[in-house]
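The values are calculated or read from the model by the stated rules, or taken from the named source; none is laboratory data. The model shown is predicted, which means the values in this text are computed figures rather than measured ones. For neighbour counting, all protein chains shown are included, and Cβ atoms are generated from backbone atoms with ideal geometry for every residue, glycine included.
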Amino acid sequence: MKSHETFVKVRYAETDQMGVVHHGNYPQYLEMARIDWLESLGISYKSMEEEGVMLPVFELKLKYHKPVTFHENLKVETRLQELPNVKITFDYSVFNSNGDLVTTATSVLVFMDAKTRKPIRCPKYILEKLQD
């Protein structure tokens, strides 16, 4: 399935007392990568929300393999697991400056109508872009 690379530079404020990236920052890195992945396909997250489609996180799994420190450049590879229906699932691999795998993750999001707050099917225009 479609994949995309996003690059993130670790900021000092994202590290903890031990000098490593605090585990709570990784969901933000994944969100940045996911939005970047959508934009690489010509899908604006902002426009999608303005059209009444929301994508709340339903499930998030992370596995930390190695610590990351301040000022490192991370590469986040984002991959779509399968064509979405009501849910869309992404797999992520995060690599450090040396190319070592530091974190793996999976997120499941649900397409939701912003007004009714009920699940909906993936919009047709998104499916079309994914099948190109």
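Can you pull out every residue in the range 54-89 that is within 22 Å of Asp132 (Cα to Cα) and either at pLDDT below 95 or touching a Cys at 6+ places or on another chain (Cβ under 9 Å) (or both)?
Gln81, Glu82, Leu83, Pro84, Asn85, Val86, Lys87, Ile88
Could you go through the range 80-97 and let me know if any residue there is surrounded by fewer than 12 Cβ atoms within 10 Å (Cβ to Cβ) and β-branched (Val, Ile, Thr).
The answer is no; no qualifying residue exists.
Pick from the range 97-132 the residues that are hydroxyl-bearing (Ser, Thr, Tyr) and in a loop (DSSP other than H, G, I, E, B): which of them is farthest from the chain's Cα centre (by Cα)?
Of the range 97-132, the ones hydroxyl-bearing (Ser, Thr, Tyr) are 97, 103-104, 106-107, 116, 125.
Narrowing the set further to residues that are in a loop (DSSP other than H, G, I, E, B) leaves 97, 116.
Working: Ser97: 19, Thr116: 25 Å.
Per the criteria, the residue is Thr116.
Considering only residues that are of a type in the set (A, V, I, L, M, F, W, C) and without any contact (Cβ under 8 Å) to a residue 60 or more places away in the chain, look in the range 44-84 and name the one that is farthest from Ile120 (Cα to Cα). Spell out how you get there, then give the answer.
Taking the range 44-84 and keeping what is of a type in the set (A, V, I, L, M, F, W, C), we get 48, 53-55, 57-58, 60, 62, 68, 70, 74, 76, 80, 83.
Retained after the next criterion (residues that are without any contact (Cβ under 8 Å) to a residue 60 or more places away in the chain): 55, 57-58, 60, 62, 68.
Details: Leu55: 10, Val57: 14, Phe58: 14, Leu60: 20, Leu62: 26, Val68: 38 Å.
Among those that are of a type in the set (A, V, I, L, M, F, W, C) and without any contact (Cβ under 8 Å) to a residue 60 or more places away in the chain, it is Val68.
Of the residues that make up the range 20-43, is at least one without any contact (Cβ under 8 Å) to a residue 12 or more places away in the chain, surrounded by 11 or more Cβ atoms within 10 Å (Cβ to Cβ), on the phi < 0 side of the Ramachandran plot and in contact with a Leu (Cβ under 8 Å, 6 or more places away or on another chain)?
No, because not a single residue in the range 20-43 is without any contact (Cβ under 8 Å) to a residue 12 or more places away in the chain, surrounded by 11 or more Cβ atoms within 10 Å (Cβ to Cβ), on the phi < 0 side of the Ramachandran plot and in contact with a Leu (Cβ under 8 Å, 6 or more places away or on another chain).
Residues being in contact with a Cys (Cβ under 8 Å, 6 or more places away or on another chain) and of a type in the set (D, E, K, R): count how many of those fall in the range 99-125. Give the steps one after another, and end with the answer.
Taking the range 99-125 as the starting set, the residues that turn out to be in contact with a Cys (Cβ under 8 Å, 6 or more places away or on another chain) are 111.
Applying the additional criterion that residues be of a type in the set (D, E, K, R) yields none.
Counting residues in the range 99-125 that are in contact with a Cys (Cβ under 8 Å, 6 or more places away or on another chain) and of a type in the set (D, E, K, R) gives 0.
Conditions tested, residue by residue: (1) out of contact with any strand residue (DSSP E or B) (no Cβ under 6 Å at 6 or more places or on another chain); (2) small (Gly, Ala, Ser); (3) within 28 Å of Phe111 (Cβ to Cβ).
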{"position": "Gly24", "(1), (2), (3)": "yes, yes, yes"}
{"position": "His65", "(1), (2), (3)": "no, no, no"}
{"position": "Glu72", "(1), (2), (3)": "yes, no, no"}
{"position": "Lys87", "(1), (2), (3)": "no, no, yes"}
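If you scan the range 16-30, which residues turn out to be closer than 13 Å to Glu72 by Cβ and over 20 Å from the mean Cα position of the chain (by Cα)?
Across the range 16-30, the qualifying residues are Gly19, Val20.
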